[in-house]
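Worksheet: the structure to be examined is printed underneath.
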Amino acid sequence: MTENFPLYLIIMLPLLGAALNLLLGRRFGNTFVSLVATSAVAGAALVATKAVLLVASELPARGALVDQLVSGDWIVAGDFKLAAGLQLDRLSSIMVMVVTWIALLIHIYATGYMEHEPDYARFFGYLNLFTGAMLILVLGDSLPVTFIGWEGVGLASYLLIGFWYQEDKNATAGRKAFIVNRVGDFGFLLGICLLFTVVGTVKYADFGSVAGRLMTPWWMGWPVGYWIAILLFVGCAGKSAQIPLYVWLPDAMAGPTPVSALIHAATMVTAGVYVVARCHTIFDTFPEAAKMTVAGVGALTALMAATIGIVQRDFKKVLAYSTVSQLGFMFVGVGTGAYTAGVFHLMTHAFFKAGLFLGAGSVMHAMGGEGDIVKMGGLGKHMPITRWTFFVYCLAIAGIVPFAGFFSKDAILAGAFAAEFRMAGTMVPWQAKLVALYPKLLWAMLAVAAMCTAFYMWRLYFMVFTGKFRGTEEQEHHLHESPLSMTLPLTVLAIGSVLAGLIGVPAVMTHGLPESAEHVMTFFTQWLSPAMVPASPEPHEHWVEWALMGGALAISGVGIGLAAMLYRGGISQTAENLKQSLGFLHNLLWNKYYVDEIYDVLLVRPLRRIAGLLWKGVDNIVIDGGLTKIGPFFVDIFGAVAQRFQNGDVQRYIIAVMVGAAGILFGSTYWLAYQGIQGQVKVDKRQVTLKLGDERMRPGQLIYAIDWDGDGKFEDTNVRFNSEIKHEYGSAGQYKIVVEARDPVWNMVKRSDDWFFGASVPLVAKVE
């Protein structure tokens with residue numbers, strides 16, 4: 001059962017805001033820009049909320065709101081027809097609410113943060129465009145519609161990351177994000193094409209009914225569904241910054257802080273997780289190697305990024321690697337079949353990660369743009385609101401009960417621990433053991449990543465807000481709390497970071513509570529479960545789940561304790577000594593495992609050399625050395641000839657025009673006459689039907705003459721183009737037919753000999 005609803009308003013309002021600000025913003029000033037940008041997103045949020053309430057109250061569990069974007073068919077290819085539509089169900093409703101309301105808070109924050117920016121209108125135009133594209137992505141009812149939003153988000157991110165394009169590093173960061181995402185998008189597009197080729201549909205609603213076709217063996221003997229899933233995941237890995245396509249996201253910090261918050265919290269980077277959850281039917285196809293790949297890449301990314309984060313000094317870089325790591329957690333969730341847990345962490349992460357970035361922006365705003373945490377310290381007494389809200393965000397991301405991050409991260413850890421992968425075919429004993437141990441390995445990697453997360457986030461908090469100020473006197477003199485437009489979103493996000501997790505409390509923690517309370521505290525699972533089949537795995541015994549929760553809490557406590565020991569009150573001598581003693585390991589983490597350097601050696605330099613060879617060989621030698629030197633020679637020759645005609649004599653100009661026109665007319669007429677000798681010959685016993693010409697051609701005044709027996713005498717003359725004429729022979733035999741096409745204007749004649757021009761049979765009649 002579906003119900004129509006104007007979902008297009010949700011995407012049109014931000015896009016309209018973008019158009020108004022980009023076209024008129026500079027003319028009407030910052031107040032107009034702020035009002036248009038925030039009103040557009042607020043309107044989208046209100047319409048989205050109305051739609052979600054309708055899904056919750058009036059539609060069945062599996063129902064959805066639909067909206068046709070294009071009247072009739074959008075894509076037509078043979079028998080395949082696809083309409084462009086929007087769909088709001090229980091899964092996309094979560095994304096829509098997260099995107100619109102988090103984006104609204106970031107827009108409000110940006111009105112104060114970007115107040116003195118000369119390109120104020122351009123910034124908010126791009127920000128609205130980003131929001132609108134993301135809403136197309138999550139509301140699309142098919143992969144092609146999603147792909148439109150997918151590419152729109154990529155374009156908008158390029159514009160926003162490189163917003164301060166005057167600085168080379170910012171422009172470079174924008175290009176890097178654009179190129180890396182195009183690599184992933186290519187795989188994503190191939191996956192869409194392969195899916196269409198195999199099952200003949202790309203609509204999400206049809207995936208459940210075509211799962212059986214995905215089992216067809218394909219390349220290397222693996223089912224085609226596996227390769228479709230892997231190609232789609234390549235795109236998701238690029239968009240959501242997973243190994244090996246994660247390198248663009250830390251550099252994306254070059255953009256303004258509100259951009260970083262929007263990209264990291266509510267939009268672009270979570271798109272990959274959403275698409276995997278949306279296409280879960282494909283990823284659930286046996287063998288489960290696709291899900292194992294997703295979970296393995298996610299766990300490795302989570303661990304790698306977390307270890308890099310523990311040594312970073314740039315405020316936003318620490319948060320960037322934190323985002324990469326947390327996205328790894330989400331992919332482990334959806335990769336182990338714990339779809340509800342993965343999406344739940346996506347939602348809770350939006351609150352505290354948006355708050356962390358906005359808090360970073362508040363600090364950097366007070367510090368005059370300084371982002372090095374080593375040069376900060378003691379800011380808590382100058383910025384109390386920023387400090388205490390940041391304190392809440394750190395508790396949430398570290399996974400401390402009862403903050404939001406605890407419940408969502410615990411759900412992923414529990415799902416990873418309880419996961420079971422059933423591989424198709426026969427396995428030797430060591431393979432079976434490896435597959436059985438795989439979930440436990442995933443859990444162990446996430447556990448270490450969680451401890452690192454707690455450590456580097458509280459290292460960040462202690463170095464920024466406690467101890468003595470380590471910056472300049474001028475910076476200290478200007479320290480102040482941010483304006484209300486910035487602190488209000490910080491406060492709202494802090495409240496969300498506390499309360500958001502309370503709608504996804506594990507069932508084991510709600511036993512004995514009143515039914516109404518239990519319903520509220522398990523609301524998220526109940527809401528999403530009908531859209532996520534199979535349900536997220538859970539440990540079978542309650543004591544195991546309690547043990548896992550206690551273990552996760554203890555791991556986070558260890559990370560916080562280490563951070564407090566080394567950095568509470570500032571940078572301790574113990575921390576400096578530890579840094580020196582680690583030596584090579586510290587350098588390895590500081591240089592981010594030298595991944596950028598490896599890519600530079602293996603990819604960037606070879607491509608530059610190839611480009612250089614093409615430049616020197618083709619451009620310099622062939623074009624500059626050949627064509628550009630030959631060109632002037634011919635220019636001189638033709639120029640000398642042209643000078644004879646370009647003498648100012650109008651009569652000569654008129655004669656030249658007439659001669660040229662006559663030549664063109666004669667040539668075209670000749671061509672038409674030549675082409676006009678074509679047609680069809682039909683023989684019925686002794687009667688022959690000849691149709692001259694072709695309906696696709698319009699040769700004009702051509703007149704035909706026909707010699708039916710090849711004796712040189714034309715029995716029929718003045719036959720017009722596209723006419724059909726019949727002739728009956730007196731006796732059986734084989735007769736050669738000669739056709740003559742005449743242009744009476746130019747008195748030009750073209751004859752057929754043995755074949756019709758353009759025909760597949762000789763101009764011969766065989767009669768009985």
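The values are calculated or read from the model by the stated rules, or taken from the named source; none is laboratory data. Everything numeric in this text was worked out from a predicted model, so none of it was measured. All Cβ positions, even for glycine, are placed from backbone atoms using ideal geometry, and neighbour counts span all protein chains on display.
Can you tell me which residues in the range 563-592 are of a type in the set (Phe, Trp, Tyr) and modelled with pLDDT of 85 or more?
TYR567, TRP590
Residues checked against (1) crowded, with 24+ Cβ neighbours inside 10 Å; (2) modelled with pLDDT of 85 or more; (3) farther than 30 Å from TYR109 by Cβ:
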{"residue": "MET220", "(1), (2), (3)": "no, no, yes"}
{"residue": "VAL224", "(1), (2), (3)": "no, no, yes"}
{"residue": "ALA229", "(1), (2), (3)": "yes, yes, yes"}
{"residue": "PHE233", "(1), (2), (3)": "yes, yes, yes"}
{"residue": "ALA241", "(1), (2), (3)": "yes, yes, no"}
{"residue": "PRO258", "(1), (2), (3)": "yes, yes, no"}
{"residue": "ALA265", "(1), (2), (3)": "yes, no, no"}
{"residue": "THR270", "(1), (2), (3)": "yes, yes, no"}
{"residue": "PHE283", "(1), (2), (3)": "yes, no, yes"}
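When SER556 is tested against (1) at pLDDT below 80; (2) closer than 23 Å to MET347 by Cα; (3) in a helix (DSSP H, G or I), only condition (1) is not met.
Residue-by-condition table, conditions (1) of a type in the set (Lys, Arg); (2) closer than 23 Å to TYR126 by Cα; (3) part of a helix (DSSP H, G or I):
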| position | (1), (2), (3) |
| --- | --- |
| VAL259 | no, yes, yes |
| ALA265 | no, yes, yes |
| LYS291 | yes, no, yes |
| GLY296 | no, no, yes |
| LEU303 | no, no, yes |
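Of all the residues in the range 371-400, those that are in contact with a strand residue (DSSP E or B) (Cβ under 7 Å, 6 or more places away or on another chain) and either surrounded by 20 or more Cβ atoms within 10 Å (Cβ to Cβ) or of a type in the set (A, V, I, L, M) (or both) number 0. With respect to LEU446, determine if the residue is within 33 Å of the chain's Cα centre (by Cα), crowded, with 17+ Cβ neighbours inside 10 Å and within 27 Å of ALA306 (Cβ to Cβ). When the stated conditions are applied, LEU446 passes them.
Residues of the range 445-484 being of a type in the set (Val, Ile, Thr) and part of a loop (DSSP other than H, G, I, E, B), which ones?
At the first step, the residues of the range 445-484 found to be of a type in the set (Val, Ile, Thr) are 448, 453, 464, 466, 472.
Answer for the range 445-484, where residues must be of a type in the set (Val, Ile, Thr) and part of a loop (DSSP other than H, G, I, E, B): THR466, THR472.
When you look at LYS203, is it touching a strand residue (DSSP E or B) at 6+ places or on another chain (Cβ under 6 Å) and in contact (Cβ under 8 Å) with a residue 24 or more places away in the chain, yes or no? Yes.
The condition (being surrounded by fewer than 21 Cβ atoms within 10 Å (Cβ to Cβ) and either in contact with a Pro (Cβ under 6 Å, 6 or more places away or on another chain) or modelled with pLDDT under 85 (or both)) is satisfied by just one residue among GLU167, GLU151: GLU167. Within the range 73-82, identify whether any single residue is in contact (Cβ under 8 Å) with a residue 60 or more places away in the chain and basic (Lys, Arg), and answer yes or no. No, every residue in the range 73-82 fails to be in contact (Cβ under 8 Å) with a residue 60 or more places away in the chain and basic (Lys, Arg).
Looking across the range 706-718, the residues that are part of a strand (DSSP E or B) and modelled with pLDDT under 80 come down to THR717, ASN718. Would you pick out the residues in the range 572-584 that are part of a helix (DSSP H, G or I) and either touching a strand residue (DSSP E or B) at 6+ places or on another chain (Cβ under 8 Å) or surrounded by fewer than 12 Cβ atoms within 10 Å (Cβ to Cβ) (or both)? Within the range 572-584, GLN573, THR574, GLU576, ASN577, GLN580, SER581, PHE584 meet the criteria. Among all residues of the range 687-705, there is none that is on the phi < 0 side of the Ramachandran plot, assigned to a loop (DSSP other than H, G, I, E, B) and modelled with pLDDT of 75 or more. Residue count for the range 724-768 satisfying the condition of being at pLDDT 70 or above, under 15 Å from TRP708 (Cβ atoms) and not in a strand (DSSP E or B): 5. Looking only at the range 557-604, how many residues end up being without any contact (Cβ under 8 Å) to a residue 60 or more places away in the chain, more than 31 Å from the chain's Cα centre (by Cα) and on the phi > 0 side of the Ramachandran plot? Residues in the range 557-604 being without any contact (Cβ under 8 Å) to a residue 60 or more places away in the chain, more than 31 Å from the chain's Cα centre (by Cα) and on the phi > 0 side of the Ramachandran plot: 1 in total. Do the conditions hold for GLY337, that is, is it modelled with pLDDT under 90 and either at positive phi or crowded, with 24+ Cβ neighbours inside 10 Å (or both)? Judged against the criteria, GLY337 is a match.
Residues that are touching an Asp or Glu at 6+ places or on another chain (Cβ under 7 Å) and either under 20 Å from LEU502 (Cα atoms) or assigned to a helix (DSSP H, G or I) (or both) within the range 351-383 comprise just one, MET364. State all residues of the range 156-172 that are within 17 Å of ALA103 (Cβ to Cβ) and either among the polar types (S, T, N, Q) or free of Cβ contacts under 8 Å to residues at least 24 places away in the same chain (or both); if no residue qualifies, say none. Selection gives SER157 alone.
Would you pick out the residues in the range 291-315 that are hydroxyl-bearing (Ser, Thr, Tyr) and either in contact with a His (Cβ under 7 Å, 6 or more places away or on another chain) or crowded, with 24+ Cβ neighbours inside 10 Å (or both)?
Here is the first cut: in the range 291-315, the ones hydroxyl-bearing (Ser, Thr, Tyr) are 293, 301, 307.
The answer is THR301, and nothing else.
Please find, among LEU190, LEU143, the residue that is crowded, with 19+ Cβ neighbours inside 10 Å and either over 30 Å from VAL52 (Cα atoms) or not hydroxyl-bearing (Ser, Thr, Tyr) (or both). Outline the logic, then answer.
Details: LEU190 fails: crowded, with 19+ Cβ neighbours inside 10 Å.
One residue alone meets the criteria, LEU143.
Looking across the range 79-103, the residues that are surrounded by fewer than 24 Cβ atoms within 10 Å (Cβ to Cβ) and closer than 28 Å to THR386 by Cβ come down to MET97, TRP101.
For first residues located in the range 313-339 and in contact (Cβ under 8 Å) with a residue 12 or more places away in the chain and part of a helix (DSSP H, G or I), partners that are of a type in the set (Asp, Glu) and surrounded by fewer than 24 Cβ atoms within 10 Å (Cβ to Cβ) and lie 6+ apart or on another chain with Cβ distances below 8 Å form the pairs PHE315/ASP372. Can you confirm whether ILE308 is modelled with pLDDT of 90 or more, assigned to a helix (DSSP H, G or I), at negative phi and touching an Asp or Glu at 6+ places or on another chain (Cβ under 8 Å)? In short, no.
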